[in-house]
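Asker: To start, I am sharing the structure in question, which I have written as structure tokens.
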Amino acid sequence: MTRRTALVLLTVAAWPAHAESPAHDACRPPAGLAAPAPIIAVHGPAHKGTDRRIEPFALMQMKAAAAWRGRRDEGAADRAVDALLQWARPGALSEIVDAGPSHSNTNSIYSLRRALIAILGAWTDLRTAPAAQAHAEEIERWLGHLIAAQDVETGSEKHRAKGEAMSNYNNHALLRATIAAQWAALTGQRAFADNAARVARSAIAGMRDDGSLPLETARGPRALWYQRHSLASLVYIAELLRPFGYDLWQPRADGADLHRAVAFLLDAIDRPARLTAYTGRDDADRQDLGFLELRGNGRHYMAWAELYRARFPGRGEANRLLALLPRRGDRGWPMLDDYAGGNATCRVLTNDSPKKGE
């Protein structure tokens, strides 16, 4: 019995009886499939935040891709591919608008990266649909342009060329690496995989021996928010790079590994005092744990945990994650998120997508 099979059997046993299989239920299509109008220019705010106008399109793509993957729902796939063409042909998302008095591209590029991870994750499944076959070259040409557009240094117009801004090293850099890993998986181009691995390994090398990530735990009351943010990217990148022979879970020379970062997150959720040395007592006591709940935009920021649990079902961290997260029938299930490339619950429950009619 494989680990994936064991996980699926344990998961099914833990959930109440339903008429549909867990996989079929998890891969549900979007309720509304009207394609949002194309957005040409990406406007990130001057301060923290993203261009949220892109979110409905990304959500539609993620849900439709899951419906195709798990149910072979050709209607959902057809409409998603048509929406991709509606965005590709006028060059949607191709204009990056600098923001604020310093003319920073940081949040505009971040917005593009976040959307692109969702779109690329969806396209990985949708490209096998009949509707996609005739248009794959056109869609992938557009995606290639967007990948090039986001593959830049970020920061103020005056200083970005030097790559000095923190956004070139923290979770923003991991989003850039995620896109490289996705493109490597889609195209087989080894150079993209190598680049993604270099960035991910750099983040792991910079991890403290207790599993905390210094650039993220420096965020005061949002230290755990950003520890989780980087973990989401690292776990997804690790899965994307497996076919290229990379194992990001291997321990460093001192024995610390990425599992320790997961354990630190879980420990600090239970005992925020773990953060005191990095945030101070006041900020440790007022951590933002909103990532444990379904967001208003339809995402669950712990969707990456599904990938972790599928890869390591026997680890204690996997069991602790299970206790924190929604189960079938709960609000927030299935779990999907841009940073995990789509509907992670559907993905782990569908090792082999069913043939049409099954």
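Asker: Quick one: Arg328 ticks every box in (1) touching a Phe, Trp or Tyr at 6+ places or on another chain (Cβ under 7 Å); (2) under 25 Å from Leu174 (Cα atoms) bar one, so which box is it?
Answerer: With respect to (1) touching a Phe, Trp or Tyr at 6+ places or on another chain (Cβ under 7 Å); (2) under 25 Å from Leu174 (Cα atoms), Arg328 is out only on (2).
Asker: Next question. Could you check, for the range 180-187, whether at least one of its residues is farther than 30 Å from Gly314 by Cβ, surrounded by 24 or more Cβ atoms within 10 Å (Cβ to Cβ) and of a type in the set (A, V, I, L, M)?
Answerer: Going through the range 180-187, the residues farther than 30 Å from Gly314 by Cβ turn out to be 180, 183, 186-187.
Then drop every residue that is not surrounded by 24 or more Cβ atoms within 10 Å (Cβ to Cβ), which leaves 180, 183.
Still in the list and also of a type in the set (A, V, I, L, M): 180.
Within the range 180-187, one or more residues are farther than 30 Å from Gly314 by Cβ, surrounded by 24 or more Cβ atoms within 10 Å (Cβ to Cβ) and of a type in the set (A, V, I, L, M).
Asker: Related question: Determine whether the range 289-297 contains at least one residue that is at pLDDT 95 or above and buried (at least 21 other Cβ atoms within 10 Å of the Cβ).
Answerer: Yes: the range 289-297 contains one or more residues that are at pLDDT 95 or above and buried (at least 21 other Cβ atoms within 10 Å of the Cβ).
Asker: Taking Gly296 as the residue in question, decide whether it is part of a loop (DSSP other than H, G, I, E, B), touching a Phe, Trp or Tyr at 6+ places or on another chain (Cβ under 8 Å) and either without any contact (Cβ under 8 Å) to a residue 12 or more places away in the chain or of a type in the set (Gly, Ala, Ser) (or both).
Answerer: When the stated conditions are applied, Gly296 does not pass them.
Asker: Here's another thing I want to ask about it. Among the residues of the range 88-116, write down those that are closer than 14 Å to Ala41 by Cα and polar (S, T, N, Q).
Answerer: Ser94, Asn105, Asn107, Ser108, Ser111
Asker: Return the total of residues in the range 198-218 being in a loop (DSSP other than H, G, I, E, B) and among the basic types (Lys, Arg).
Answerer: 1
Asker: Keeping to the range 313-339, report how many residues are in a loop (DSSP other than H, G, I, E, B), more than 17 Å from Leu292 (Cβ to Cβ) and either touching a strand residue (DSSP E or B) at 6+ places or on another chain (Cβ under 9 Å) or touching a residue at least 60 places away in the same chain (Cβ under 8 Å) (or both).
Answerer: Filtering the range 313-339 down to residues in a loop (DSSP other than H, G, I, E, B) leaves 313-315, 325-335.
Okay, now just the ones that are also more than 17 Å from Leu292 (Cβ to Cβ), so 313-315, 328-329.
Still in the list and also either touching a strand residue (DSSP E or B) at 6+ places or on another chain (Cβ under 9 Å) or touching a residue at least 60 places away in the same chain (Cβ under 8 Å) (or both): 313-314, 328-329.
Residues in the range 313-339 being in a loop (DSSP other than H, G, I, E, B), more than 17 Å from Leu292 (Cβ to Cβ) and either touching a strand residue (DSSP E or B) at 6+ places or on another chain (Cβ under 9 Å) or touching a residue at least 60 places away in the same chain (Cβ under 8 Å) (or both): 4 in total.
Asker: Next up: Of the residues Arg242, Arg252, Arg198, which single one is more than 24 Å from Leu126 (Cα to Cα), surrounded by fewer than 20 Cβ atoms within 10 Å (Cβ to Cβ) and without any contact (Cβ under 8 Å) to a residue 24 or more places away in the chain? Reasoning before the result, please.
Answerer: Numbers: Arg242 fails: more than 24 Å from Leu126 (Cα to Cα); Arg252 fails: without any contact (Cβ under 8 Å) to a residue 24 or more places away in the chain.
Step by step, each of Arg242, Arg252, Arg198 is checked, and only Arg198 is more than 24 Å from Leu126 (Cα to Cα), surrounded by fewer than 20 Cβ atoms within 10 Å (Cβ to Cβ) and without any contact (Cβ under 8 Å) to a residue 24 or more places away in the chain.
The values are calculated or read from the model by the stated rules, or taken from the named source; none is laboratory data. Everything quoted here is computed from the prediction, not taken from an experiment. Note: ideal-geometry Cβ built from the backbone for every residue, glycine included; neighbour counts use all protein chains shown.
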